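**Q** Sharing a structure with you now.
The values are calculated or read from the model by the stated rules, or taken from the named source; none is laboratory data. Predicted model only: the values in this text are computed from it and were never measured. Ideal geometry is used to build each Cβ from the backbone, glycine not excepted, and the neighbour counts take in all protein chains shown.
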Amino acid sequence: MKRLSFILLSLVLPFTLLISCERSGGGKNRLQARIDSLQNKVNSAYKPGTGALMNTIVQPHHIKLWFAGQNKNWALAEYERQEVMGGFEKIQKYHKDKPEATAVAMIFPAMDAVEKAIKEKDESAFKNSFAVLTNTCNTCHKALKFEFNVIKVPTTNNFDDQSF
Ligand code: HEC
């Protein structure tokens, strides 16, 4: 009896597997539908535009960087420099296919010079490299036909609630 049921089982099992494989075709379609719906979600997720990244990250930290350096607050200056850098990195990350992602590399040498000046706590090198940095902001704006967005070395600190 045991043997018979074993034989029966070994005859029936391959068919059962075959049928269940056939059925999983439906599972495959469901999986594809799920992937498509997730892809749609990813595509419509919020990505800050270049203008928003400039306004909310690059510009305010560019200002703070200047006043930190002016006050020889090198720890804060380095922090602000990294924040500015974070803005540029987000442009590379979120706007890969746009001209600004390629153009952004032009700012890196100036950012490096600022970093060196901060490390060396060199006030005049800081001033000079910050001026070059600011010019390069405008070089990029010109290159991308946003030449009317003109950046200058700040004269007034509009972050009055923060100690520099
Ligand atoms: C990769 C090139 C590039 C570099 C480098 C760059 N910008 Fe921009 N910036 C842009 C582009 C492109 C826009 C316009 C984006 C838009 O509105 O779609 C812009 C816009 C701006 C704006 C205008 C925002 C507004 O709504 O008024 C400010 C402010 C700004 N940038 C600040 C800076 C500062 C400060 C630096 C340097 C520390 C800098 N940018 C460096 C490409 C660049």
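**Q** When E78 is evaluated against the numbered criteria (1) modelled with pLDDT under 90; (2) in contact with a helix residue (DSSP H, G or I) (Cβ under 8 Å, 6 or more places away or on another chain), which criterion, by number, is the only one it fails?
**A** That leaves (1) as the condition not met.
**Q** Those residues that are within 12 Å of the ligand (Cβ to nearest atom) and either at positive phi or among the aromatic types (F, W, Y) (or both), I need them from the stretch 106-164; list them, please.
**A** Answer for the stretch 106-164, where residues must be within 12 Å of the ligand (Cβ to nearest atom) and either at positive phi or among the aromatic types (F, W, Y) (or both): F108, F130, K145, F146, F148.
**Q** With respect to Q39, is the statement that it is without any contact (Cβ under 8 Å) to a residue 24 or more places away in the chain and farther than 30 Å from T155 by Cα true?
**A** Yes, satisfied.
**Q** Scan (1) within 17 Å of the chain's Cα centre (by Cα); (2) among the hydrophobic types (A, V, I, L, M, F, W, C); (3) surrounded by fewer than 15 Cβ atoms within 10 Å (Cβ to Cβ) for the single condition F88 breaks and write down its number.
**A** (3)
**Q** Could you pull out every one of the helices (runs of 4 or more DSSP H) wholly within the stretch 40-140 that has 2 or more residues that are farther than 24 Å from D161 by Cβ?
**A** Filter on the stretch 40-140 gives 50-53, 74-94, 99-103, 108-119.
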